[in-house]
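Heads up, the thing below is written out as structure tokens.
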Amino acid sequence: MKHLGIGSPGIARSLTCLALAFAACSTASATEQWTQVGVDKFYLPVGLYRSQGITTDGKQWFFSWQYGLERANDAYASSQLASIPPSLLGQGLNHIGDIDYANGVIYAALDETSDYMNPTIALFNASDLSYTGRSYKLTMPQTKDIASWVAVDAARGFGYGKEWASSANINVYNLSDWSFSHSIKLQEPLERIQGAKLRGDWLYLSSDNATKSVYRANLLNGYVEELFQLRQPTGTQEIEGLSFRDTPDGASLHVLLIHDPDSNEVSPASTTLNVGLYHYALAPVPEPATWVSLTAGLALLATLASRRRRPRPVDA
């Protein structure tokens with residue numbers, strides 16, 4: 001009887017299959033799991049100023065609404081309001097979308113609501129929300145960007161945008177002058193994106209689709225996955241911007257959602273138009289699941305090896 005060693009072709013093939021299966025399982029378990037840990041409701045008139053976008057410098061919050069910007073402290077008490085300056089309004093720019101922060105500057109995405117054909121990025125001082133006098137019209141080949149949001153990657157020197165319609169293209173701009181650099185092809189199209197922020201090699205995006213979904217897209221390989229949905233049981237909703245910031249409740253991802261409740265909702269307060277800031281905490285990858293997968297894989301390997309060691313009948 002000939003015993004098969006671990007280096008035999010049969011066992012090697014089994015190990016390869018096991019490795020591939022374990023890698024697939026590990027990839028699946030790496031998907032982020034976000035849990036809602038709270039929500040803050042902003043009613044009119046305060047909610048109006050927080051109805052488009054959100055960003056932070058790590059010490060305070062910045063919000064945007066159609067015609068301006070707001071600065072607020074950790075308790076969401078407003079400390080300053082600013083409007084779109086006349087020089088930008090004179091260009092027809094009457095709508096601010098989601099915003100982003102980097103190195104003391106607020107980057108605001110603006111466009112005109114008549115036809116959304118004038119996408120522009122304007123820069124404001126985060127210290128007092130004053131306009132820096134710098135703005136850049138976006139031009140990109142073969143794609144369209146209505147500047148409904150902007151995301152900044154200061155480390156790489158890039159800014160990001162996207163078509164409003166269903167598209168798999170992420171537009172990449174040079175941060176210095178917002179000239180078009182290149183596009184990133186996603187593995188699947190996304191539509192109605194209202195906000196985005198960068199985290200590592202991932203772009204997190206909020207979509208005003210039917211389920212009010214939050215996605216993340218890998219900027220290196222184009223991989224896209226849905227993380228969670230914000231769709232509320234009743235009323236009309238519109239998802240807006242999102243931002244990252246670690247807060248005492250354990251949350252790190254925060255998403256804006258406008259909620260216009262139905263008149264038949266139970267709570268009187270809930271029947272009022274409001275903007276909700278939903279807070280999400282990232283759950284750790286469950287170690288038990290990894291060990292279960294590893295144990296199952298080792299058991300499979302042992303079974304395969306045992307079968308190969310069974311003696312074959314000796315020829316007479």
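Worth a mention:
- In a residue-by-residue description of the stretch 253-273, the property of being open to solvent by 50 Å² or more (accessible area, probe 1.4 Å), modelled with pLDDT under 55 and in contact with a Leu (Cβ under 6 Å, 6 or more places away or on another chain) applies to no position.
- Within the stretch 221-235, residues that are in a strand (DSSP E or B) have Cβ atoms under 7 Å from residues that are at pLDDT 95 or above and open to solvent by 90 Å² or more (accessible area, probe 1.4 Å) in these pairs: Val224/Gln187, counting only partners at least 6 apart in sequence or on another chain.
- Scanning the stretch 30-46 for residues that are of a type outside the set (S, T, N, Q) and more than 15 Å from Val255 (Cβ to Cβ) yields Ala30, Tyr43, Leu44, Pro45, Val46.
- Residue ID - surrounded by the fewest Cβ atoms within 10 Å (Cβ to Cβ), chosen from residues in the stretch 37-47 that are in contact (Cβ under 8 Å) with a residue 24 or more places away in the chain and under 20 Å from His95 (Cα atoms): Leu44
- From Gly157, Gly161, Gly235, residue being open to solvent by less than 50 Å² (accessible area, probe 1.4 Å) and under 15 Å from the mean Cα position of the chain (by Cα): Gly161
- Thr132 passes every criterion in (1) open to solvent by 20 Å² or more (accessible area, probe 1.4 Å); (2) under 19 Å from Gly195 (Cα atoms); (3) of a type in the set (Val, Ile, Thr) apart from (2).
- Selection count where residues are surrounded by 21 or more Cβ atoms within 10 Å (Cβ to Cβ) and aromatic (Phe, Trp, Tyr), scope the stretch 195-232: 2
- Number of positions in the stretch 91-127 that are open to solvent by 70 Å² or more (accessible area, probe 1.4 Å) and of a type outside the set (Ser, Thr, Tyr): 4
- In the stretch 65-89, the residue that is nearest to Ile258 (Cα to Cα) out of those that are assigned to a loop (DSSP other than H, G, I, E, B) and more than 25 Å from the chain's Cα centre (by Cα) is Ala77.
- Filter pass, Gly92 being in contact (Cβ under 8 Å) with a residue 60 or more places away in the chain, part of a loop (DSSP other than H, G, I, E, B), more than 19 Å from Glu191 (Cα to Cα) and not aliphatic (A, V, I, L, M): no
- One residue from Leu81, Leu44, Leu48 being hydrophobic (A, V, I, L, M, F, W, C) and at pLDDT below 95: Leu44
The values are calculated or read from the model by the stated rules, or taken from the named source; none is laboratory data. All values reported here derive from a predicted model rather than from experimental measurement. Cβ coordinates were reconstructed from backbone atoms using ideal geometry, including for glycine residues, and neighbour counts include every protein chain displayed. The protein model used for the area step is the full one, side chains on, heavy atoms only, and it has no ligands, DNA or RNA in it. Shrake-Rupley method; radii C 1.70, N 1.55, O 1.52, S 1.80 Å.
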